[in-house]
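Data block below; observations after.
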Amino acid sequence: MTVSSSTLKLAPEAEARIDDLQRRYPTKAATLLPVLWEIQTQVGWLPQEWMAYAAARCEVPVSKVLGVVSFYTMFHQEQPGRHHVQVCRNISCTMLGAEAILACVREKLGVTNGGRTADGKFSLEEVECLAGCSWGPVVQINRTYHENMTPEKTAQLLDSLE
Amino acid sequence: MTKIITKNWGVKDSHLLSVARANGVYSNLERVLKTPIAPKDVVEAVKKSGLRGRGGAGFPAGMKWSFVPQNTGKPIYLCVNADESEPGTNKDREILERDPHLMIEGALIAAWAIGCRTVFFYIRGEFDLPERRIRAAAEEAMKAGIVGDNVMGSGWSCDFIVHRGAGAYICGEETGLISSLEGGRGEPKIKPPFPAVKGAFGCPTVVNNVETLCAVPWIMEHGGEAYAKIGTEKSPGTKVISVSGRVKRPGNYEIPLGYGLKDLIDNECGGMQDGYRLKAVIPGGSSVPVMKPEQVATLKLDYESCQAHGTFLGSAGCIVVDHTQDMVKLLHVLARFYSHESCGQCTPCREGTGWAYRILTKIVQGRGTKKDIDTLRSLTQQMDGATICALASALVMPVQSFLKQFPEEFEAKVQETVPA
């Protein structure tokens, strides 16, 4: 197995957190998801050179990293907008009006599922159940949940973001 | 009604260690370790309680623990399944937000019982507040000597690692979770070997749901027999039910198992919202067969009554469907979901869920024929039970039950033959 090398480094606190986890996990390969999260938190997405860094850090082939990154919906291979708008489209939110929320977001931002505004401010992703069914419709922006949404509240929320 | 899982939910700042200690959290762990109550006696108490897994499958927790071999010389792992993703279900999320220390206490007692020194807490990637709460709680507990080396001065040590998922429904399946924990794609593995024998990193592993573990401290305090007296004979204890849809007060409710579904909707949830009538309920999360109002009237929320009604308690995510909803459209939404979440390993699932979604897209768009409905039936018959995990069956059940319970809605949308 060829293990790639990388000259990239994360912020010292992040490197220390990874070192700590690699002492506690039974294998270095198992720290791949935590390492990818550290990268995405710092860089905002997962460019190829950083996937190579993750491969070297976890002692796995780059192909494996790409396989993992492409499997999970939350790992971004392209840079999302500063405000990544995730609208739940699953059953409870649909019953409570998710389609109207989506129509509102699409119209306001002028993008469809997977799209990003030209200024890089917003991106839109239609997502599956966020476990907020009792308080739907749910919109998640970056990591923050917004529940019991209406198209009006959604429009106000988007307008309020810098 | 006895509250076991949600008993501290009304207390201000119940997520903080000082408040949790005042609520009695960790007192049972302390007693187990300091007495000490032998691991096999903890397993025995949980077996006696009849506690069944609350993630969906309902497997007896004590029995699962007793399958762990103690003589392999390998480490033993406990994975807490906090990858709550079953549509309709939002109970674990609220448990973690409100009482993360109860969760940690339950996990540590379980770890002690099975001889585990490292707990992996697998939390779904989207969860923000729950992750911050469990990380803060674990850190507070570590500083207080409750987690880590020499737990509560007992000489026993147990690490607690929070592992964040990254968006994949299938990681809630226990072997998919293990694949993901090991650093891979969340692909389920063929059983046997079962995780209890060969799980994470090839070592004996128990995977337990959040709510299951939260019942353990109460069982240690009051005894397995006391727990078994709550609920019904075959479904002992309490269960947190998530209710969504157009009821007046949706949310999470802890009820004794055997409680009436109609009572829950009418009493706890305040009935349907004004102007909305009950059309159907999917009682156990989106994967289980749908019930019509006459079935809802007699269904009790326990494993046996659900089965007698032709459905499952599952994760107890009660999706209440009102009379304005189009069942074909809702099934289309579910088919899209399962097709999106299929990991792709097994052909019947990868191709079948996508095919079902494409057929339903045709029907929703008014391009479907009667033959398409027949194809949905025969296709799902072939998918059922033909795969490594239950994801394919999790679409088969809604498809077959929607077609059986609401055939007129599907027939009204299709034509005899392909339109010209």
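Throughout, read-outs are computed from the coordinates displayed, never taken from laboratory work. The structure displayed is predicted, hence computed values, not measured ones. Heads up, the Cβs are rebuilt from the backbone with ideal geometry, glycines too, and the neighbour counts pull from every protein chain shown.
Looking at the stretch B:43-179, send over the antiparallel percent of its DSSP beta bridges, to the nearest 5.
Numbers: 2 of 14 bridges.
About 15 percent, rounded to the nearest 5.
In nm, give the distance between the simple-model label positions of B:Ser18 and B:Glu294, each being 7 Å from the Cα along the Cα-to-Cβ direction.
6.0
Please list the three semi-axes, largest first and in whole Å, of the ellipsoid equivalent to the protein assembly as shown, using sqrt of 5 times the eigenvalues of its alpha carbon gyration tensor.
Semi-axes (√(5λ), whole Å): 36, 31, 23.
Given the options B:Thr212, B:Thr232, B:Thr375, state which has the largest fluctuation in a GNM of chain B using a 10 Å cut-off (strictly under) for Cα springs.
B:Thr375
When A:Cys133, B:Cys306 are ordered from fewest to most other Cβ atoms inside 10 Å of their Cβ, what list results?
Arranged by neighbour count, lowest to highest, A:Cys133, B:Cys306 become B:Cys306, A:Cys133.
Could you state the number of Å between the C-alpha centres of the stretch A:93-113 and the stretch B:167-235?
37
Over 26 Å between C-alpha atoms is what I'm after, so list which of A:Lys28/B:Lys198; B:Lys198/B:Lys234; B:Lys47/B:Lys191; B:Lys7/B:Lys198; A:Lys64/A:Lys121; B:Lys48/B:Lys143 land there.
Long pairs (Cα-Cα over 26 Å): B:Lys198/B:Lys234; B:Lys7/B:Lys198; A:Lys64/A:Lys121; B:Lys48/B:Lys143.
What's the average, rounded to a whole number, of partner chain beta-carbon atoms within 10 Å of each residue's beta-carbon in A:85-94? Mind showing how you got there, number by number?
On the way: counts 0, 2, 0, 2, 4, 9, 18, 17, 3, 8.
Going residue by residue through A:85-94 and averaging, the value is 6.
For B:Lys279, which lysines qualify as cross-link partners when the Cα separation must be under 26 Å and same-chain residues fewer than eight apart are set aside?
List returned: B:Lys91, B:Lys239, B:Lys248, B:Lys262, B:Lys292, B:Lys300, B:Lys329, B:Lys362, B:Lys370, B:Lys404, B:Lys413.
In percent, what relative contact order does the stretch B:1-128 have, based on Cα pairs under 8 Å that are 6 or more apart in sequence?
33
For the stretch B:81-222, what relative contact order do you get, as a whole percent, if you take Cα pairs closer than 8 Å and at least 6 residues apart? Show your work: numbers first, answer last.
Details: 211 pairs, mean separation 39.1, N = 142.
So the answer I get is 28 percent.
Okay, helix-only estimate at 222 nm for the protein assembly as shown: each DSSP H run of n ≥ 4 adds -39500 (n - 2.57), divide by all residues, round to 500 deg cm²/dmol; what do you get? Show your work: numbers first, answer last.
Details: 25 runs with 247 residues, N = 582.
Calculated from helices alone, the mean residue ellipticity at 222 nm is -12500 deg cm²/dmol.
Can you spot the aspartates and glutamates whose alpha carbon is less than 14 Å from B:Lys64's alpha carbon? Ignore those fewer than 8 places along the same chain.
Answer for B:Lys64, where 14 Å is the Cα cut-off: B:Glu44, B:Glu174, listed by chain and number.
Residues with amide H under 5 Å of B:Glu254's amide H, sequence separation 5 or more or different chain, H placed in the peptide plane at 1.01 Å from N; which?
For B:Glu254, the qualifying residues are B:Ile241.
Once phi is turned into ³J(HN,Hα) by the Karplus curve 6.51 cos²θ - 1.76 cosθ + 1.60 with θ = phi - 60°, what whole-Hz value does each residue of the stretch A:136-150 show in order, with x for glycine and proline?
Here the 3J(HN,Hα) series is x, x, 10, 10, 10, 10, 6, 9, 8, 7, 10, 10, 6, 7, 10 Hz.
Shielding by partners for B:90-101, please: the mean number of other protein chain Cβ atoms within 10 Å of each residue's Cβ.
2
Under a Cβ-Cβ cut-off of 11 Å, what is the net charge of the residues other than B:Lys7 that fall near it, where Lys and Arg count +1 and Asp and Glu count -1?
Surrounding charge for B:Lys7 is 0.
If you line up the long axis of helix B:347-364 against the longest principal axis of chain B, both from Cα atoms, how many degrees apart are they, to the nearest 10?
Between helix and principal axis, roughly 50 degrees.
Report the extension gain between B:Thr375 and B:Thr2 in nm, rounded to one decimal, defined as 0.36 nm multiplied by the number of residues separating them, less their alpha carbon distance.
So the chain would gain 129.5 nm between B:Thr375 and B:Thr2.
Using a 10 angstrom cutoff on alpha carbons, build the Gaussian network for chain B and name the most mobile of B:Val364, B:Val216, B:Val396.
Top of the fluctuation ranking is B:Val364.
May I ask for the net charge around B:Val206, where only other residues with Cβ less than 12 Å from the Cβ of B:Val206 are counted and Lys, Arg are +1 while Asp, Glu are -1?
After counting each charged neighbour, the total is 0.
When ranked by the protection proxy of mean other Cβ atoms within 10 Å per residue, highest first, what sequence do the peptides A:28-37, A:110-119 form?
Order by mean packing, descending: A:28-37, A:110-119.
Which angle from 0 to 90°, rounded to the nearest 10, does the C-alpha axis of helix B:327-341 make with the longest principal axis of chain B?
50
Using the 10 angstrom Cβ neighbour count as an exposure proxy, how do A:Val127, B:Val46 rank, fewest first?
Fewest-to-most ranking of A:Val127, B:Val46: A:Val127, B:Val46.
Run the numbers on chain B and let me know its relative contact order in percent, using alpha-carbon pairs under 8 Å that are six or more apart.
Averaging sequence separation for qualifying contacts and normalising by length gives 16 percent for chain B.
In degrees, nearest 10, range 0 to 90: what is the angle between the Cα axis of helix B:39-49 and the longest Cα principal axis of chain B?
40
How big is the gap, in Å, between the Cα center of the stretch A:115-147 and the Cα center of the stretch B:344-420?
Cα centroid to Cα centroid, the span is 29 Å.
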